[in-house]
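In what follows, a single structure is set out as structure tokens and then discussed.
FYI, it's all coordinate maths here, none of it is from the lab. Since we're looking at a predicted model, the values are computed, not measured. Cβ: placed from backbone, ideal geometry, glycine included. Neighbour counts: every protein chain shown.
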Amino acid sequence: MLLTKWGEALERENPLPEYPRPQLRRERWMSLNGLWDCAFTASNSAPAEYGGEICVPFPPESALSGVGRALLPGEYLWYRRGFELPEGFNIGRVLLHFGAVDQCARVWLNGEDVCVHTGGYLPFSADVTELLGEGVNELVVRVTDGTDRTYHTRGKQKLKPGGIWYGPVSGIWQTVWLESVPENYIDSLFITPRLEDGSVELTCGGEGRVRAVINGGAAYDFSAGEAAVLKLEEAHPWTPEDPYLYKLELALGADRVESYFALRSVGVGEDRSGVKRLLLNGKPYFMNGLLDQGWWPDGLYTAPSDEALAFDIAAAKAMGFNTLRKHVKVESARWYYHCDRLGMLVWQDMPNGGGNYSALTVSAPLLTGAHSRDGNYAKFARRDGAGRDEFREELLDMVSCLYNSPCIVMWVLFNEGWGQFDSDALAGAVAEIDPTRIIDRASGWHDQGTGELRSIHLYFDDYKYRPDKAGRCVALSEFGGYALPIAGHSVTDKPFGYKKFQSQDKFRRALTLLYDGQIRPACMKGLAAAVYTQLTDVETELNGLITYDRRVIKLAPGDVKRIIKMPEVK
């Protein structure tokens, strides 16, 4: 069993105790993480008895859950726990929150239906005030998960993993918690930075007048439900080099919320030579990044601690990278908070779904360079109209859910044709919700020739920059993938990687040649971004700069920083 140092130190009765939502923080809350009863059944009827325990919020397939068993298609996973509210906890309403449950969940409280939710990556909540009783309350959750046997979003999960595909993840995998709010409270918050005029736009859900206090000083009053533009006393732009965050306090009646925001803008524009570049705060900025899968050997989708979440981001930053592409996974809100405060740009992928992918569609283009129109639903395993509708709804929910995170600068809709469909229409729908960020419609291949960005993947050939025929900005959104196994720090003796090395010196030389010979010259000619594969090893894929257990950084961070350094673009 491969464990991280954080997994070894896990407190099973109180894992991940941090407040789970840093941009809408209240004092009155209660974590429900810890040991729950659990059972697996073949029918949808509640089990007669619960035969074991599970450590929430770790998936049952993970070592840290204490279960170590997959939830198979056709099975049901049941969770049960009791809780008592502390005296004086309820000040009006009590809300039950789930960070994420994969894939389909039904919730009961004291035998009464609470809610049903489909989709394994986004938070959901319910008002349970009227269902609460005196003394001990019983919470029950039932989960099903078809993994890759359904059209639901699933990311890289497969029942039969191998290569770039990983094992299944099911059930509750983010924090479960209770929160009490007044009868009238701020039920939503949307923050839009307006760097160009040194202001911030706030929209708070609720009824009545809201007071906002910024950095403990200037106070502003405005109406809930309406967009309010607040002029800042000082405009301090956010960058990876200077990740300045404004403190934001909000009050609506008796409700008090702590939050934060940053001033920054992103887009596409020309440099001094007329070449299309990615812009940060109105200036050309080379986004020098890593592909980040967000998997852990002991917790799978769930990091073993908050410190572990921050470790990955800080390690990438120490190696000189300013960007992480969060690959076909949505993280907990705390991960984005750490990117915000540490200074890390994020390209956020939408997790992929659809049917069984054809190798001719999703793999052959790596060698052939062939692209297809994504209105051909059969070709892209998207025949099911309900699946397409669900994906669209979940995509827009993801954009709304993560809208306030200043670190996110790009939405990536599809990767390498995995369940791709109608990318132009979906990009238009995303832009209606969020016109402030860049959209990568098709990362890798099956480019439709539209949008602001040409997104390229290259693993087997040398990369030579060529301007896009449609005049778009060009990004190398995946490349590299060099594997260096480290004995005792992997779960396989058959490593996967696009090139394999057996010594640190050969690995270092190969990485140096890659950046010296291909990436830096391309940057000077017009390449706008480069995302190396990848941050960490994952299962049999050993092409990370850090081992899967996070115990070994394969090259000294200072060496990597020198290797990947790019010339300044203006």
**Prompt:** Put +1 on the Cβ of every Lys and Arg and -1 on every Asp and Glu Cβ in the chain; which of 336, 24, 287 then has its Cα farthest towards the positive end of the dipole?
**Reply:** 287
**Fill in**
Sequence order, the range 97-108: Karplus ³J(HN,Hα) from phi using 6.51 cos²θ - 1.76 cosθ + 1.60, θ = phi - 60°, Hz rounded, Gly and Pro as x, gives 10, 10, x, 5, 9, 10, 10, 10, 10, 10, 10, 10
**Complete:** At R0 = 45 Å the Cβ-Cβ FRET efficiency linking residue 149 and residue 307, nearest 0.05, sits at 0.80
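What are the membrane-span-like helices in the chain by this rule: whole DSSP H runs, Cα extent along the axis at least 20 Å, mean Kyte-Doolittle hydropathy at least -0.5? Write out the running numbers ahead of the final one.
Numbers: long enough: 385-401 (24 Å, -0.43).
Membrane-span-like by this criterion, though nothing is claimed about a membrane: 385-401.
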**Request:** Please list, in chain and number order, the residues 5+ apart from residue 291 or on another chain whose amide H is under 5 Å from its amide H, with Hs placed from the backbone.
**Result:** 325, 532, 533, 535
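Which trypsin sites (Lys or Arg not before Pro) in the range 152-203 sit in a loop by DSSP (not H, G, I, E or B) and have at most 12 other Cβ atoms within 10 Å of their own Cβ? Numbers along the way, then the final one.
Numbers: sites: 154, 156, 158, 194; in loops: 154, 156, 158.
Listed in order of number, the matching sites amount to none.
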**Request:** Treat every Asp and Glu Cβ in the chain as -1 and every Lys and Arg Cβ as +1, leave all other atoms uncharged, and give the resulting dipole magnitude about the Cα centre to the nearest 20 debye.
**Result:** 2700 debye
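I need the peptides 283-293, 177-187, 13-23 ranked by packing, meaning the mean over residues of other C-beta atoms within 10 angstrom, with the highest value on top.
On the way: 283-293: 22.8, 177-187: 19.6, 13-23: 17.8.
Ranking the peptides 283-293, 177-187, 13-23 by packing returns 283-293, 177-187, 13-23.
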**Asked** Farthest toward the dipole's positive end in the range 188-253, which of 223, 203, 235, given Cβ charges of +1 (Lys, Arg) and -1 (Asp, Glu) about the Cα centre?
**Response** 223
**Prompt:** Using the beta-carbon distance between residue 376 and residue 499 and R0 = 41 Å, what value does 1/(1 + (r/R0)^6) give for FRET efficiency, to the nearest 0.05?
**Reply:** 0.80
**Request:** Given a cut-off of 25 Å, name the pairs among 469/561; 156/464; 317/570 whose C-alpha atoms lie farther apart than that in the structure shown.
**Result:** 469/561; 156/464
**Asked** Order of 380-388, 441-449 by packing, highest average Cβ count within 10 Å first?
**Response** 441-449, 380-388
**Request:** Could you calculate the contour length gain from residue 129 to residue 234, that is, 0.36 nm times the residue separation minus the distance between their Cα atoms, to one decimal place in nm?
**Result:** 33.6 nm
**Message:** Give me a comma-separated list of calculated 3J(HN,Hα) values for the range 471-477, in order, Karplus coefficients 6.51, -1.76, 1.60 applied at θ = phi - 60°, integers in Hz, x for any Gly or Pro.
**Reply:** x, 8, 5, 10, 10, 9, 8
**Item:** Backbone HN-Hα couplings from phi across the range 222-237 [Karplus 6.51/-1.76/1.60, Hz, Gly and Pro as x]
**Value:** 7, 8, 5, x, 10, 5, 10, 9, 10, 6, 8, 5, 9, 8, 10, x
**Complete:** Counting only DSSP beta bridges fully inside the chain, the antiparallel percentage to nearest 5 is 70 percent
**Prompt:** Taking all pairs of different Cα atoms in the range 188-253, averaging 1/r and flipping that mean, what Kirkwood radius in angstroms comes out?
**Reply:** 12.4 Å
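Sort largest first and round to whole Å: the equivalent ellipsoid semi-axes of the range 338-492, each the square root of five times a Cα gyration tensor eigenvalue.
Semi-axes from the Cα gyration tensor: 24, 22, 18 Å.
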**Asked** Roughly how big is the range 375-492's charge dipole about its Cα centre, with Cβ charges of +1 (Lys, Arg) and -1 (Asp, Glu), in debye to the nearest 20?
**Response** 380 debye
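Can you give me the Rg/Rh ratio for the chain, using Cα atoms for both radii and the Kirkwood formula for Rh?
Values: Rg = 23.5 Å, Rh = 24.6 Å.
When Rh is taken as the Kirkwood radius, the ratio is 0.95.
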**Complete:** Extension length gain for residue 190 and residue 213 (0.36 nm per residue less Cα distance), in nm, is 6.7 nm
**Asked** Semi-axes of the equivalent ellipsoid of the range 218-361: what are they in whole Å, largest first, if each equals the square root of 5 times a C-alpha gyration tensor eigenvalue?
**Response** 30, 24, 18
**Request:** Using label points projected 7 Å from each Cα along Cα→Cβ, tell me how many nm separate residue 273 and residue 203, to one decimal.
**Result:** 4.1 nm
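Treating the beta-carbon of each Lys and Arg as +1 and of each Asp and Glu as -1, no other charges, what is the dipole magnitude of the range 301-410 about its Cα centre, to the nearest 20 debye?
On the way: 12 positive and 13 negative charges, 83 e Å.
The dipole magnitude comes to about 400 debye.
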**Asked** Highest mean first, what order results for 59-65, 104-110 on Cβ atoms within 10 Å?
**Response** 59-65, 104-110
**Complete:** Once both label points are put 7 Å beyond Cα along the C-beta direction, the residue 254-residue 425 separation in nm becomes 4.8 nm
**Asked** How big is the range 5-181 in terms of Cα radius of gyration and Dmax, in angstroms?
**Response** 16.2, 53
**Item:** Options 471, 164, 266, ranked by Cα towards positive dipole end of the chain, top entry (Cβ charges)
**Value:** 471
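Over every pair of different alpha-carbon atoms in the range 261-322, take the mean of 1/r and invert it; report that Kirkwood radius in Å. Working shown, then result.
Details: mean 1/r = 0.0703 Å⁻¹.
Value: 14.2 Å, from the Cα pair sum.
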